[in-house]
Structures are given as C-alpha cells and as structure tokens.
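The values are calculated or read from the model by the stated rules, or taken from the named source; none is laboratory data. This is a predicted model, so every value here is computed, not measured. Neighbour counts run over all protein chains shown; Cβ positions are idealised from the backbone, glycine included. We work out accessible area using only protein heavy atoms, side chains counted, and drop any ligands, DNA or RNA first. Shrake-Rupley method; radii C 1.70, N 1.55, O 1.52, S 1.80 Å.
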Amino acid sequence: MGGADKGLLPLGGAPLIAHVLARLARQVDSIVISANRNRERYAAFGYPITVDTIGGFAGPLAGVHAAILDATSRYIVTVPCDAPHFPADLVARLATSLGATPDAHAAIARTAGRVQPVFALYDRLAVLASLEAYLHAGQRRADAWQATLARTVVDFDDSAAFRNLNTPEELAAAAP
C-alpha cells in the first residue's frame with residue numbers, strides 16, 4: 001500500500017479499522033488498538049491505544065505483546081486492521097475450542113488448511129513468558145511462535161472472510 005497506514009485507508013466511506021472495530025465490538029467486552037503511528041487518529045475511535053515495547057519493529061507479535069501487557073482480562077483476541085470481513089462468530093468459536101481443549105493456551109483460526117496466525121485467542125498470562133523469550137531471541141513469525149504453544153486450531157469454512165487487503169486493487173475490489 002505504498003507505506004500507507006492500512007488501518008486508515010478508506011473502504012466504503014470509512015477507514016478499514018472502523019469496519020474491523022464494528023465487527024469486533026459485537027464479539028468482545030473491550031478493545032485495545034495496537035498502533036505505533038498515527039496514534040491520535042486511532043484514539044479518535046474511542047478505544048485505548050497500546051504501543052510496542054519491543055524495539056526494532058518486531059512486527060505483529062510486538063503488538064500482541066503490548067496488548068498482553070496492557071490487558072486486564074485473562075484472554076485477548078487478535079485481529080488485523082486489514083481484514084474487515086472476519087467471521088461474526090470468530091471469538092465465540094475460538095473461545096469454545098480453547099475452553100474444550102485442556103491445557104491449551106491459544107486458539108488459532110484456520111481456513112482451507114491454512115493457519116491464520118493473526119486471528120487468535122490467547123490466555124495472556126500463560127503465553128507471556130514464551131512470547132517475550134521468542135521476541136528477545138529476534139524471532140518474528142507468529143505462526144512459528146504459535147506452533148510452540150499448547151494450542152487448538154479452529155477450522156472455518158469461508159476463506160474470503162480472512163482475506164487481508166494488501167494492495168490498492170484488493171481494497172478497491174472489497175468496497176461494498
């Protein structure tokens with residue numbers, strides 16, 4: 001997207017993040033936005049902002065880490081700002097699977113046999129030490145870290161619901 005802040009790009013007259021927040025707000029009790037730039041613009045959506053505490057732009061996992069540190073609930077769910085059509089029952093299905101899987105600390109979405117690592121539910125205190133060690137070792141791949149966790153994987157049928165909008169063409173095609 002040419003270095004643009006994807007969450008703030010317009011889709012159907014509203015920023016991508018607005019679509020994600022509207023869908024997520026129906027599924028959770030509270031929301032925290034992970035944003036390292038344009039924080040004032042994200043704050044205008046009315047939710048707390050968290051920023052990475054791990055330096056060197058450690059990617060999405062640094063945002064997960066910051067959210068874990070800032071959250072007060074036992075669990076956190078993560079969704080990206082560029083996938084506005086994720087399932088309306090994402091959190092419920094991840095939570096059901098996590099609750100039904102003894103000793104699991106994470107539930108990860110999967111569609112068409114492909115894990116969707118940015119769509120995840122974590123028992124935040126159970127994964128914190130592992131995540132910190134992984135990030136401090138210079139590792140960045142969410143799927144590789146998640147594979148080290150006691151986890152459950154939840155299958156979803158609609159692959160399109162997990163589509164990330166990564167190009168101007170994909171953004172234009174997704175417009176209502």
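Would you be able to say whether some residue in the range 150-169 is part of a strand (DSSP E or B) and either open to solvent by 50 Å² or more (accessible area, probe 1.4 Å) or among the charged types (D, E, K, R) (or both)? The answer is yes, given that some residue of the range 150-169 is part of a strand (DSSP E or B) and either open to solvent by 50 Å² or more (accessible area, probe 1.4 Å) or among the charged types (D, E, K, R) (or both). Among the conditions (1) more than 30 Å from G12 (Cα to Cα); (2) open to solvent by less than 10 Å² (accessible area, probe 1.4 Å); (3) of a type in the set (S, T, N, Q), the only one that T111 does not satisfy is (1). Of all residues in the range 141-152, at least one satisfies being over 18 Å from Q27 (Cβ atoms), among the β-branched types (V, I, T) and free of Cβ contacts under 8 Å to residues at least 40 places away in the same chain.
Could you please find all residues in the range 9-37 being touching a Leu at 6+ places or on another chain (Cβ under 9 Å), modelled with pLDDT of 95 or more and open to solvent by less than 50 Å² (accessible area, probe 1.4 Å)? Within the range 9-37, I17, A18, L24, Q27, I31, I33 meet the criteria. With respect to I54, determine if the residue is in contact with a helix residue (DSSP H, G or I) (Cβ under 7 Å, 6 or more places away or on another chain), over 21 Å from N164 (Cα atoms) and modelled with pLDDT under 95. When the stated conditions are applied, I54 passes them. Counting only residues that are buried (at least 16 other Cβ atoms within 10 Å of the Cβ) and either hydrophobic (A, V, I, L, M, F, W, C) or under 23 Å from A133 (Cβ atoms) (or both), the range 61-89 holds 18 of them. Pairing residues of the range 56-85 that are in contact (Cβ under 8 Å) with a residue 60 or more places away in the chain and under 18 Å from D123 (Cβ atoms) with residues that are of a type in the set (G, A, S) and crowded, with 19+ Cβ neighbours inside 10 Å, at Cβ distances under 9 Å and at least 6 apart in sequence or on separate chains, gives L61/A142; V64/S34; V64/A120; V64/A142; H65/A58. Scanning the range 38-53 for residues that are part of a helix (DSSP H, G or I), farther than 23 Å from A175 by Cα and open to solvent by less than 60 Å² (accessible area, probe 1.4 Å) returns a single hit, A43.
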